[in-house]
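The values are calculated or read from the model by the stated rules, or taken from the named source; none is laboratory data. Small disclaimer: the values here were computed from a predicted structure and weren't measured. Backbone-built Cβ (ideal geometry, glycine too); neighbour counts: all protein chains shown. Accessible surface areas use protein heavy atoms only, side chains included; no ligands, DNA or RNA. Shrake-Rupley method; radii C 1.70, N 1.55, O 1.52, S 1.80 Å.
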Amino acid sequence: IISEPPRNPITYVKSEVRTKDLIPTQKRLLGKGKSGQVHQHLKSTKLAVKKSLNNLEKEYEIGMKLNHPQLVKVHALYIKQYPHLDSNKIGHMKYKLVMDKINGRTISHYYSCSEKLSDEVARKILKQAQQCVDYLFNQRIAWSDVNNGNIFIQEKEDLMIADFGNWRHFTDPQAGALQLLMGSMEIVGWIIKSSNIRAHNQKQLKLEQS
């Protein structure tokens, strides 16, 4: 007699701090992208829950190693496994990532409408981006690609970057610096495009990574 696997899901939790406040109960949808949907956390206005059928373990592990004001803070990962489903098919595992909620708009909002960032705000954000790149280089972490849907301007006019799923550790400093430089130049382009910065000043606003 072959017994069927249990139909009730098995829940795994990855977190440095175990607390009921992090249990990923969610309500209204905040946004969605290729890697999943982001909802408002039910118990805290400061937290959000990212739901996905894609594996979020790498994003959690990278996020837990980062501690920078321009990188969204990750708190916990909840994984539900459904033993009765085919492990080779999507849906066998479901992931919920608990992180800080970002109060703001994506950078793409500003270059797709008439509302633009002031020169002062743009310069502030460019400086924050440079500091973020320096931090990532020192941590030996580089982004594999940069998506303008993951670059936010918060309500207090600060830069915030989210979604570390395609980021990676690097061992070759030269290769890591090149990867970060390529991504940072994309960010610079988006910020300039989203602001009223004059063209003759653009050369002075490029990020440099040594």
With the crude spin-label approximation of a point 7 Å out along Cα→Cβ, what separation in nm comes out for Ser15 versus Ala177? 4.1
Search the structure for amide H atoms under 5 Å from the amide H of Lys101, placed 1.01 Å from N in the peptide plane, and list their residues when 5 or more places away or on another chain. Leu47, Ala48
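Figure the gain on full extension for Lys127 and Lys43 (residue separation times 0.36 nm, minus the Cα-Cα span) and round it to one decimal in nm.
Fully extending the segment from Lys127 to Lys43 adds 26.8 nm.
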In segment 32-141, the GluC sites (Glu not before Pro) that sit in a DSSP loop and have at most 10 other Cβ atoms within 10 Å of their own Cβ are Glu115
Ranking by accessible area, most exposed first, for Ser114, Ser44 with a 1.4 Å probe: Ser114, Ser44
When only the heavy atoms of the protein chains count and the probe is 1.4 Å, how do Leu30, Leu71, Leu178 rank by accessible area, highest first? Leu178, Leu30, Leu71
Would you mind checking the pairs Lys50/Lys80; Lys127/Lys193; Lys51/Lys73; Lys65/Lys156; Lys14/Lys156; Lys32/Lys101 and listing those with alpha carbons more than 21 angstrom apart? Lys65/Lys156; Lys14/Lys156
Quick one: if you stick a label point 7 Å off each Cα along the C-beta vector at Lys80 and Arg105, how many nm between them? 3.5
The simple spin-label model distance between Lys32 and Glu186, using points 7 Å out along Cα→Cβ, in nm, is 2.3
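Report the antiparallel proportion of the DSSP beta bridges in segment 61-194 as a percent, rounded to a multiple of 5.
On the way: 16 of 17 bridges.
About 95 percent, rounded to the nearest 5.
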Mean shadow of segment 103-155, computed from the convex hull of its alpha carbons, in nm²? 4.2
Return the carbon/sulfur percentage of the accessible area of segment 125-164, one whole number, probe 1.4 Å, all protein chains in place. 37
Accessible-area value, Phe170, 1.4 Å probe, nucleic acids and ligands omitted, Å²: 10
Taking r as the C-beta separation of Glu155 and Glu61 and R0 as 25 Å, the FRET efficiency to the nearest 0.05 is 0.30
